[in-house]
Amino acid sequence: MKPFVLALPLLLAAAAAARADELGLPLTMSLEDEPRERQDVENDRQRPDDTASLTPMEFFYRHSELEAGAMYTDFSSDLQLKSHMGFYVRYGVEIFPHISVHMTYRYNEFGNGPTSAPPEDIRMQALLFGAGIHVPLHPEFALVLGGGVGPTWLDSSVVRNEIGFTVTGEAAVTARLWEMLRLKVGLVIDGINTDFHQTSTNFSLNLSYLVGLEIGM
């Protein structure tokens, strides 16, 4: 009877170990046997954010975007300007995921004939500051919405030159052509406040068709 009593705890321990193994429970209290999935989760929580260690120059390098393209503008009749092709360059920085701030320079130069007499040479320049948001639609496509404000210079060979104030809104779609290169197509609506050509109203609306290329981000 005494040998049986001494062997009973060993038999119960073996049975408990077998049962624990079937249920997938840890057999010891050692941390080395902790499930690897849980250890990976804990490691992920403790992993530092890489962006926190970036210097300002590294941040701008990794999150900058350069854009250039052409804009065909249908000017308001109040401005007495014929429709024409212009160009733009934009530099932006992504400050939050999918949200960026940007600066845009536009240039447009053309003759305003043949309806104008005498023939008139026009040059328009604008410097706009704004923000935009990229809404992913697909791994290769995105919707881009943006806006901005800034001054516009209108130079004429016939009438007095003017400086106007422009408010702009943009809606476009991008398609990825390469790893960091995207094609952009969209519409731009500008509201400009100016007395150029003695407009009948101080606020004129222009519609532009935009085609450009984005590099970066």
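We did not get these values from a lab; they are worked out from the coordinates using the rules stated. Not measured: the values here are computed from a predicted model. Ideal geometry is used to build each Cβ from the backbone, glycine not excepted, and the neighbour counts take in all protein chains shown.
Annotation: amide H-H contacts under 5 Å for SER157 (H modelled 1.01 Å from N, sequence separation of 5 or more, or interchain): ASP121. For region 159-190, the residues whose backbone nitrogen is under 18 Å from a point 7 Å from the Cα of ALA68, taken along Cα to Cβ, are 177-178, 180-185.
Shown is the FRET efficiency for HIS138 and GLU58, computed with R0 = 22 Å from the Cβ-Cβ distance and rounded to the nearest 0.05: 0.15.
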